[in-house]
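The values are calculated or read from the model by the stated rules, or taken from the named source; none is laboratory data. Note that the structure is a prediction, hence the values are computed from the model and not measured. Here the Cβ is made from the backbone with ideal geometry for all residues, glycine too, and neighbour counts use every protein chain on show. We work out accessible area using only protein heavy atoms, side chains counted, and drop any ligands, DNA or RNA first. Shrake-Rupley method; radii C 1.70, N 1.55, O 1.52, S 1.80 Å.
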Amino acid sequence: MTKKVILTICLTVCFGLAKSQDVKLGKSSIDDIVKAMTLEEKAQLLIGTGMAGFSGNSAVVGATQSLVPGAAGTTYPVPRLGIPAVVVADGPAGLRISPKREGSSDTYYCTAFPVATALASTWNAELVENVGLAMGNEVLEYGADVLLGPALNIHRNPLCGRNFEYFSEDPLLSGKMAAAIVRGVQKNNVGTSIKHFAANNQESNRMANDARMTTRALREIYLKGFEIAVKESNPWTIMTSYNYINGVYASESRELLTTILRDEWKYKGVVMTDWGGGRNAPAQVHAGNDLLMPGRKEQSDAILQAVKDGKLSEEDVDVNVKRILNLALMSPRFKEYKYSNKPDLKAHAEITRQSATEGIILFKNNLILPLTSAKKIATFGVTSYDFISGGTGSGDVNEAYTISLGDGLVNAGYQINEELKSVYLKYIADENEKNKPDPNNRFAMFMPKIRPGEFVPNSDILNKMAKETDVALITIGRTSGEFLDRKLDNDFNLSDTEQKLIKDVCEVFHAVNKKVVVILNIGGVIETASWKQYPDAIVLAWQPGQEGGNSVADILCGKVNPSGKLPMTFPVKYEDIASSANFPLNYVSQMNLFGNNTQDDNKPKVKDIDYTYYEEDIYVGYRYFGSFGKEVSYPFGFGLSYTTFDCEKPQVKQTGNDYTITVNVKNTGKTAGKEVVQLYISAPQNDKLPKPEKELKAFAKTKELKPGEMQKIELKINVYDLASYDESESAWITDAGEYKLLIGASSEDIKQTLSLTVSDKAVEKTHAVMKPEHTINVLKR
């Protein structure tokens, strides 16, 4: 090689390095940044920087892990190009970070907000957006960039362990609530990650289960909420689910992540995996899954090798890199925001208290609530003294405190019987001593803790309490979380001891003409039909966040009139649920809960574990119960109040393809309160494309109406909101014909009926994608 050639090469390299040093994120175009990056840097940017204790090799050791201790992960920084690490942190019920830090006496607690089921029960998008605003402020002030939530998978089956993280059995309500949270969080100029996209409806074998369903069910039920959230709130990121959908991993499905999400819905943001999701890194990149979290070195190596071998185009890599660079540009860390580590937790506690109170649902009230004259209270049930603020796993929050039911009652001016309290506290302490978590289990922090079983005080104590107190409260508690689905016995169904506790307390107190109230401190549906006749009142408090005891007390004392409505159906029994024949019971995972999927592809596949047929099709929740005439314990949309309401003068007005429905809501009782107006549509039946009996299409909540006060409620729908998905045409079809507009206080309590006529069939074409490779024997009307 001549000296001239060597000199030319040196000058070229030096000039290239000097030129690249002038390229910086924010000062140069995204295209210039990409051109300046090496292939190795691009591959690294597509994976996270690892996670302490995560299986497999981290992509990088120690580079960004200490930015926000306890955060879930970070993107890979490229300092020479001014590309910062973006910090992402759990979770759906509030920011999840470490509350204490080595070498610091300060605390970093976050607010535990009500779980998603409780927020959905408010049916109040404005209030939920305010919750998101408070969540986002904590994300910002603690130095994170993206909150990994909200989660909006469908309540397909009540035993799903993560239903507390999800909003509803209905995709419209789910989508509207998720969009509200996203708008609130992102007003702080931090991001969200709506999850888990899509069809993450069971925890059993969640990293290998194949959700097999028709494209109609996928489009109408399991994708619709995500579509609403994307179009109405523009989340910065979306997290893919662990499972397969019709034979393809969600994170490896180009049809899902590019064709539907980007091409049809026009989404521009980043898509990331759930932690350890998927198996094939190059396939994920090609699919449009931009960021692989938490990141392992072998993933970047696989991407590099696939590009060098021609199995993955560098163009695919560049498209994903550009999206991550745009995310970094929006991040507070890139903008060098001076976070305080001092969010206003006191103000946020007030927000969580208010939102939890509005999500509480009154199931039953035989002239006992509010408790205006009763002052001395006997509180039964372990959970009365060990209140459950939220679920476990990534949806948990490290809050500073939780207000128990007893604390809340005392704060409201009631007297708790101290003798009974001491009996329960001793029992709880003894049981907890027996059930200490395994200190060697690195997943213990994510798993539901073993809670003390219930017990029934002896007859002497029961009789003494009935004599000395004015009223009895019994709290029934349930917790669940990530990794495990719930059980049928002693979980969905009450235990024999819980049944006996309710019956015995009711019998003893009723014998002396005193009342009994049952409080349900739960995250999801339980069986109620077999025991609901015994107590005088039933209050569904959900898992209401750290101020839960105060929120329940606000309802019990009448400070707040209950206005929550069910976001799902409570069946008479589990077997009445359409998906009960296709859901795993009592499965214990043998897989690596975090990390590489190591399932044996050659072993025989097990129904509901390796694959689940969604044979109920579109008939999920109230769509099934109403269409097939099944009796329920409490219907979708149900919730009582301390007052009464009338719906008057309904009208519908058409403007082109848009319809405006108005109705006057009047408080006809003696107590101020709020009402939820629910609009259901009953579509003309079509033999080719059968329709559910009714479907929720819009809703609104009134302001607090004084006795005698009236408010005009306006609801808007579009002709395409009336559509069903026709697989044979790969299109959304709105049939011509007469549609009934059902205005109600629940799916079964219809107050007014209108009709509208669609003159011409409307068709909205889509791509013919994500079709099942197996025959689905779907339920038919």
Under the condition of being closer than 19 Å to PRO567 by Cα and of a type in the set (Phe, Trp, Tyr), which residue from the stretch 119-172 is nearest to the chain's Cα centre (by Cα)?
-> TYR166
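Can you work out which of the residues in the stretch 757-768 that are among the small types (Gly, Ala, Ser) and in a loop (DSSP other than H, G, I, E, B) is most open to solvent (accessible area, probe 1.4 Å)?
Residues of the stretch 757-768 among the small types (Gly, Ala, Ser): 759, 762, 768.
Next, from what is left, pick out any that are in a loop (DSSP other than H, G, I, E, B): 759, 768.
Numbers: SER759: 95, ALA768: 60 Å².
Filtering first and then ranking leaves SER759.
In the stretch 515-527, what residues are open to solvent by less than 30 Å² (accessible area, probe 1.4 Å) and either outside any loop (DSSP other than H, G, I, E, B) or in contact with a Lys or Arg (Cβ under 9 Å, 6 or more places away or on another chain) (or both)? Full working, then the answer.
The initial filter retains those residues of the stretch 515-527 that are open to solvent by less than 30 Å² (accessible area, probe 1.4 Å), namely 516-527.
Listed by number, the residues that qualify are VAL516, VAL517, VAL518, ILE519, LEU520, ASN521, ILE522, GLY523, GLY524, ILE526, GLU527.
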Restricting attention to the stretch 11-52, which residues are surrounded by 15 or more Cβ atoms within 10 Å (Cβ to Cβ) and modelled with pLDDT under 85?
-> SER20, MET51
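So, LYS701, is that one over 25 Å from ASN686 (Cα atoms) and among the basic types (Lys, Arg) or not?
Answer is yes for this residue.
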Output for the stretch 191-209, where each listed residue is open to solvent by less than 10 Å² (accessible area, probe 1.4 Å) and of a type in the set (D, E, K, R) = LYS195, GLU203
The stretch 338-353: number of residues that are part of a helix (DSSP H, G or I) and among the small types (Gly, Ala, Ser) = 2
Pairs where the first residue, in the stretch 638-656, is free of Cβ contacts under 8 Å to residues at least 60 places away in the same chain and the second is open to solvent by 50 Å² or more (accessible area, probe 1.4 Å), C-beta under 6 Å, 6+ apart = THR644/THR668
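Please verify whether the stretch 104-113 includes one or more residues that are surrounded by 24 or more Cβ atoms within 10 Å (Cβ to Cβ) and within 12 Å of the chain's Cα centre (by Cα). Let's see the steps before the verdict.
Taking the stretch 104-113 first, the residues surrounded by 24 or more Cβ atoms within 10 Å (Cβ to Cβ) are 110-113.
Next, from what is left, pick out any that are within 12 Å of the chain's Cα centre (by Cα): none.
So far as the stretch 104-113 goes, no, none of its residues is surrounded by 24 or more Cβ atoms within 10 Å (Cβ to Cβ) and within 12 Å of the chain's Cα centre (by Cα).
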On the given criteria, is LYS701 of a type in the set (Lys, Arg), in contact (Cβ under 8 Å) with a residue 60 or more places away in the chain and closer than 23 Å to GLU748 by Cα?
-> yes
Could you list all residues from the stretch 184-215 that are at pLDDT 95 or above, touching a strand residue (DSSP E or B) at 6+ places or on another chain (Cβ under 9 Å) and charged (D, E, K, R)?
-> LYS195, ASP210, ARG212
If the Cβ limit is 8 Å and pairs must be 6+ apart or interchain, which residue in the stretch 359-385 that is part of a strand (DSSP E or B) pairs with which residue that is of a type in the set (Asp, Glu)?
-> LYS364/ASP536; ASN365/ASP536; LYS376/GLU468; LYS376/ASP470; ILE377/ASP470; ALA378/GLU468
Kindly indicate whether any position in the stretch 109-117 is part of a helix (DSSP H, G or I) and of a type in the set (A, V, I, L, M, F, W, C).
-> yes
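Quick one: how many residues across the stretch 684-699 are among the hydrophobic types (A, V, I, L, M, F, W, C) and surrounded by fewer than 20 Cβ atoms within 10 Å (Cβ to Cβ)? So that I can check it myself, show each step before the final result.
Step one: filter the stretch 684-699 for residues among the hydrophobic types (A, V, I, L, M, F, W, C), giving 689, 696, 698-699.
So of that shortlist, the ones also surrounded by fewer than 20 Cβ atoms within 10 Å (Cβ to Cβ) come out as 689.
The qualifying residues number 1.
How about the stretch 276-287: which of its residues are in contact with a Ser or Thr (Cβ under 7 Å, 6 or more places away or on another chain) and either within 23 Å of PRO77 (Cβ to Cβ) or open to solvent by 10 Å² or more (accessible area, probe 1.4 Å) (or both)?
Keep residues of the stretch 276-287 that are in contact with a Ser or Thr (Cβ under 7 Å, 6 or more places away or on another chain), which gives 277-278, 284, 287.
GLY277, GLN284 - these are the residues of the stretch 276-287 that are in contact with a Ser or Thr (Cβ under 7 Å, 6 or more places away or on another chain) and either within 23 Å of PRO77 (Cβ to Cβ) or open to solvent by 10 Å² or more (accessible area, probe 1.4 Å) (or both).
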Within the stretch 294-314, how many residues are under 11 Å from LYS42 (Cβ atoms) and without any contact (Cβ under 8 Å) to a residue 24 or more places away in the chain?
-> 0
What is the residue count in the stretch 138-180 for residues that are assigned to a helix (DSSP H, G or I), in contact with a Gly (Cβ under 9 Å, 6 or more places away or on another chain), open to solvent by 10 Å² or more (accessible area, probe 1.4 Å) and not basic (Lys, Arg)?
-> 1
Scan the stretch 19-41 and report the pairs whose first residue is within 17 Å of ASN320 (Cβ to Cβ) and assigned to a loop (DSSP other than H, G, I, E, B) and whose second residue is at pLDDT 95 or above and open to solvent by less than 20 Å² (accessible area, probe 1.4 Å), with Cβ atoms within less than 8 Å and a gap of 6+ or a chain change.
-> MET37/LEU45; MET37/VAL78; MET37/LEU81; MET37/VAL321
If you go through PHE363, PHE334, the only one that is open to solvent by 30 Å² or more (accessible area, probe 1.4 Å), over 21 Å from LEU39 (Cα atoms), out of contact with any Gly (no Cβ under 6 Å at 6 or more places or on another chain) and among the aromatic types (Phe, Trp, Tyr) is PHE334
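Limited to the stretch 80-108, what total is found for residues that are in a loop (DSSP other than H, G, I, E, B) and under 16 Å from THR49 (Cβ atoms)?
At the first step, the residues of the stretch 80-108 found to be in a loop (DSSP other than H, G, I, E, B) are 82, 84-86, 91-99, 101-106, 108.
The next check asks that each one be under 16 Å from THR49 (Cβ atoms); those that pass are 84-86.
Selection size over the stretch 80-108: 3.
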Tell me, which residue of the stretch 226-275 that is of a type in the set (Asp, Glu) and within 20 Å of THR192 (Cα to Cα) is most open to solvent (accessible area, probe 1.4 Å)?
-> GLU232
Sole exception among (1) in contact (Cβ under 8 Å) with a residue 12 or more places away in the chain; (2) in contact with a helix residue (DSSP H, G or I) (Cβ under 9 Å, 6 or more places away or on another chain) for PRO437, by number | (2)
Counting residues that are more than 26 Å from the chain's Cα centre (by Cα) and aromatic (Phe, Trp, Tyr), which strands (runs of 3 or more DSSP E) fully inside the stretch 715-756 reach at least 1?
-> 731-734, 737-744
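Taking the criterion of being part of a strand (DSSP E or B) and either more than 16 Å from the chain's Cα centre (by Cα) or modelled with pLDDT of 95 or more (or both), would at least one residue in the stretch 247-255 satisfy it?
Here is the first cut: in the stretch 247-255, the residues part of a strand (DSSP E or B) are 248-249.
Narrowing the set further to residues that are either more than 16 Å from the chain's Cα centre (by Cα) or modelled with pLDDT of 95 or more (or both) leaves 248-249.
Among the residues of the stretch 247-255, at least one is part of a strand (DSSP E or B) and either more than 16 Å from the chain's Cα centre (by Cα) or modelled with pLDDT of 95 or more (or both), which makes the answer yes.
Yes or no, residue by residue, for (1) in a helix (DSSP H, G or I); (2) touching a Leu at 6+ places or on another chain (Cβ under 7 Å); (3) over 30 Å from THR569 (Cβ atoms):
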position: LEU420; (1), (2), (3): yes, no, yes
position: TYR424; (1), (2), (3): yes, no, yes
position: GLY453; (1), (2), (3): no, no, no
position: ALA466; (1), (2), (3): yes, no, yes
position: ALA472; (1), (2), (3): no, no, no
position: ARG486; (1), (2), (3): no, yes, no
position: LEU494; (1), (2), (3): no, no, no
position: HIS510; (1), (2), (3): yes, no, no
position: ASN513; (1), (2), (3): no, no, yes
Would you pick out the residues in the stretch 342-360 that are farther than 30 Å from ASP536 by Cα and open to solvent by less than 20 Å² (accessible area, probe 1.4 Å)?
-> PRO343, HIS348, ALA349
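Looking at the stretch 531-550, which of its residues are under 17 Å from PHE570 (Cα atoms), touching a residue at least 40 places away in the same chain (Cβ under 8 Å) and part of a loop (DSSP other than H, G, I, E, B)? Can you show your working first?
Residues of the stretch 531-550 that are under 17 Å from PHE570 (Cα atoms), as a first pass: 531-533, 537-543.
Filter again for touching a residue at least 40 places away in the same chain (Cβ under 8 Å), leaving 532, 537-543.
Of everything in the stretch 531-550, those that are under 17 Å from PHE570 (Cα atoms), touching a residue at least 40 places away in the same chain (Cβ under 8 Å) and part of a loop (DSSP other than H, G, I, E, B) turn out to be LYS532, ALA541, TRP542, GLN543.
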Report whether or not ASN326 is open to solvent by 20 Å² or more (accessible area, probe 1.4 Å) and either outside any helix (DSSP H, G or I) or in contact with a Cys (Cβ under 7 Å, 6 or more places away or on another chain) (or both).
-> no
